[in-house]
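The values are calculated or read from the model by the stated rules, or taken from the named source; none is laboratory data. Everything numeric here is computed off the predicted structure, so don't read it as measured data. Glycine also receives a Cβ, built like all others from the backbone with ideal geometry; neighbour counts cover every protein chain displayed. Surface accessibility is based on the protein's heavy atoms, side chains included, excluding ligands, DNA and RNA. Shrake-Rupley method; radii C 1.70, N 1.55, O 1.52, S 1.80 Å.
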Amino acid sequence: MMPTKVAVLIMRGICKRWALKDCGSKVRKAMLAICACFGILPVAGARAEAKDGDVELGAYLSAECVTCHQVNAQTEEIPQIAGLDPNAFMAAMQAYKAKQREHPIMQMMAGRLNDEEIVALAAYFSTLE
Amino acid sequence: MTWNRRKFLGAATGALSAPAVLAEGSGKPRVVVVGGGAGGGTVARYIAKDSDGAIDVTLIEPSQVYFSCFFSNLYIGGLKSIDEIGHTYGALAANYGINVIHDWAVAVDRVDKNVTLAGGQVLPYDKLILSPGIDFIEGSVPGWDLSVQTKMPHAYEAGSQSQLLRAQIENMPEGGVYAMVAPPNPYRCPPGPYERISMVAHVLKATNPTAKIVIADPKPKFSKMALFEDGWATHYPGLIDWIGEDFGGGDVSVDPDQMMLTIDGEEMAVDVCNVIPAMKAGRIAELAGVTDGRWAPVNSADMSSKTDPDVYVLGDACQQGDMPKSGFSANSQAKVCANAVRGSLTGSRIFPPRYANTCWSLIAVNDGVKVGATYEATEEKIARVDGFVSQVGEDANLRKTTYEESENWYAAITADMFH
């Protein structure tokens with residue numbers, strides 16, 4: 001193997017790992033940009049399930065969410081969803097659906113989402129910064 | 001029968017196989033939206049945003065500033081400024097290229113498919129979406145019509161009417177009487193009159209504690225009744241007298257010149273008379289010929305009119321089934337409609353409809369309650385699936401959180417409509 005190819009593979013491994021880590025948005029954005037240069041999609045690990053989601057379906061379903069959750073603003077009682085870790089998002093929705101997490105509106109809204117729809121939403125929201 | 005994924009894939013396939021309708025001129029399909037409120041603003045924004053320029057969207061709205069009916073009671077209660085409930089249309093034009101025309105739509109030609117404006121302009125459409133809100137039924141409260149709304153305001157279309165009612169309440173004589181004539185079902189914002197009573201009581205308790213509030217109501221019960229009655233007894237004991245249908249609350253007439261209200265044959269002098277008449281769909285729905293009685297029946301799958309598949313009716317003006325007439329409902333219906341209209345015009349995917357509503361009400365400062373439900377499209381109507389309502393006796397922290405949540409919701413839904 002040529003030394004340059006080895007270097008590229010090493011760089012890919014490093015960038016992919018850091019791009020998926022919870023290491024602050026600036027670092028993560030930089031790593032995502034480097035990933036893009038190397039043609040890497042950082043969809044392993046935390047985004048493994050969300051990557052399978054139907055983003056277009058998620059976008060349609062998300063219209064219900066944004067009636068209360070602002071896309072680009074954090075408010076005191078209603079959190080911003082965009083940019084949430086997909087696994088954390090899916091876990092929260094499953095917990096509301098199972099009524100293990102309190103909130104009547106969220107229990108009701110999550111209660112009618114099937115697994116495919118939850119993954120689709122996670123996939124869509126993970127595309128937003 | 002309920003709509004399921006298979007049926008909607010079928011509908012989507014049909015849409016894909018049908019040629020998209022192209023308007024003359026721009027070469028793009030044209031959507032005209034009449035009414036710039038929770039239904040109209042949302043549907044215009046979503047079609048323009050999601051079609052990314054593939055559809056020409058025109059929004060016709062006479063007002064330069066939209067004052068939301070939701071939260072207008074908080075303005076009357078002194079908890080919000082009028083500017084906080086006012087919204088403009090500039091971002092819809094700037095961000096999404098929507099052609100916003102401030103004029104009245106005065107006629108619809110469903111054969112030639114165009115809308116005529118009061119200014120004389122004729123706008124062709126491929127799809128027409130009507131979201132005109134409500135009009136009042138003249139004569140539903142004997143003695144009241146729009147010519148006396150300055151003496152006896154309805155304040156059920158927010159803005160100058162809200163400002164007038166608030167000024168009248170502030171100028172009531174000591175120990176005076178505020179009366180409300182409540183509307184019969186169905187009407188815009190079912191808890192709205194009772195939230196208003198709460199906010200008026202909040203003002204009078206602080207500024208005019210010997211004043212009285214009388215409600216003449218043609219209904220035997222009302223939305224969130226147990227919650228409001230419990231809250232009124234807690235926060236405003238002895239201040240509010242609700243006269244329901246059983247005690248003649250539906251037998252009412254008014255004399256605006258004398259400021260007299262007659263309930264079940266008994267006359268009373270009042271200082272403020274807030275008349276909220278019976279309601280019907282905004283006039284343009286009737287002019288378009290899509291109403292049946294007071295409202296415009298629609299198909300639950302996509303909010304299309306039962307009279308014309310190229311006309312859609314959203315929000316308060318439509319007759320759809322179980323959803324209450326609310327800003328939240330209109331916003332929810334608009335998103336289903338936008339997806340269906342865009343799909344039929346461009347071949348984009350059409351997803352199964354899903355509807356939801358939540359109504360928050362404020363009983364006193366930091367004492368918020370809510371009711372909500374999800375809905376599905378059946379062949380017959382939009383039918384309720386699941387729901388919840390706040391409970392009597394909830395602790396103060398939960399009520400405060402509920403109010404703060406409603407403020408967050410207000411910021412989100414108005415952004416969803418206008419930004």
Too long at a 21 Å Cα-Cα cut-off: which of B:Lys221/B:Lys370; B:Lys28/B:Lys325; B:Lys28/B:Lys113; B:Lys151/B:Lys212?
B:Lys28/B:Lys325
Amide H partners (placed H, <5 Å) of B:Met172, local residues excluded:
none
Run the reach check for B:Lys127 against aspartates and glutamates, Cα to Cα strictly under 13 Å, same-chain hits fewer than 8 apart removed. What comes back?
B:Asp56, B:Asp109, B:Asp112, B:Asp302, B:Asp308, B:Asp310
Over the protein assembly as shown, average the accessible area per residue using a 1.4 Å probe and give it in Å², no decimals.
42
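About the Cα centre of chain B, how large is the charge dipole given +1 on each Lys and Arg Cβ and -1 on each Asp and Glu Cβ? Please answer in debye to the nearest 20.
1520
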Report the dimensions of the range B:321-399 along its three principal axes from the alpha-carbon atoms, largest first, rounded to Å.
51, 24, 18
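Rounded to the nearest 500 deg cm²/dmol, what is the calculated helix-only ellipticity per residue at 222 nm for chain B, with -39500 (n - 2.57) per DSSP H run of length n ≥ 4? Write out the running numbers ahead of the final one.
Working: 10 runs with 125 residues, N = 419.
Result for chain B, helices only: -9500 deg cm²/dmol.
Put B:Met417, B:Met259 in order of accessible area, largest first, 1.4 Å probe: what do you get? It would help to have the intermediate numbers written out before the result.
Values: B:Met417 0, B:Met259 45 Å².
Reading off the accessible areas and sorting them downward yields B:Met259, B:Met417.
Over the Cα atoms of the range A:47-125, compute the convex hull volume and normalise it per residue, giving Å³.
Numbers: hull volume 6.5 nm³, N = 79.
Hull volume over Cα atoms, normalised by residue count, gives 83 Å³.
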Taking the Cα centre of each part, how many Å lie between the range B:78-115 and the range B:208-225?
34
Enumerate the amide H contacts of B:Ile129 below 5 Å, restricted to partners 5 or more residues apart or on another chain; note that Pro and chain-start residues carry no placed amide H.
B:Val32, B:Val33, B:Val34, B:Tyr312
From the phi angles alone, apply the Karplus equation (6.51, -1.76, 1.60; θ = phi - 60°) to the range B:296-302 and give each ³J(HN,Hα) in whole Hz, x where the residue is Gly or Pro.
9, x, 10, 7, 5, 6, 8
For B:Lys381, what accessible surface area do you get with a 1.4 Å probe? Give it in Å², rounded to 10.
60
Given charges at Cβ of Lys, Arg, Asp, Glu: chain B dipole, positive-most of B:Ser140, B:Ala48, B:Leu287
B:Ala48
Using θ = phi - 60° and the Karplus curve 6.51 cos²θ - 1.76 cosθ + 1.60, what whole-Hz ³J(HN,Hα) does each residue of the range B:392-406 get, with Gly and Pro shown as x?
4, x, 4, 6, 4, 5, 5, 5, 5, 4, 4, 5, 5, 4, 5
The A/B contact buries a total accessible area, at probe radius 1.4 Å and rounded to the nearest 100 Å², of 2500
For the Cα atoms of chain B, what angle does the longest principal axis make with the long axis of helix B:38-51, in degrees from 0 to 90, nearest 10?
30
Taking amide H positions as placed in the peptide plane 1.01 Å from N, state which residues far from B:Ser304 in sequence (5 or more) or on other chains have amide H under 5 Å from it.
B:Asn299
Ranking request for peptides B:286-297, B:160-171: highest mean number of other beta-carbon atoms within 10 Å first, then the rest in descending order.
B:286-297, B:160-171
Residue by residue through the range B:111-125, what is 3J(HN,Hα) from phi via Karplus (6.51 cos²θ - 1.76 cosθ + 1.60, θ = phi - 60°)? Round to whole Hz and write x for glycine and proline.
7, 8, 6, 8, 10, 9, 9, 4, x, x, 5, 10, 10, x, 9
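What's the Kirkwood radius of the protein assembly as shown in Å, using all Cα pairs?
Values: mean 1/r = 0.0398 Å⁻¹.
It is 25.1 Å.
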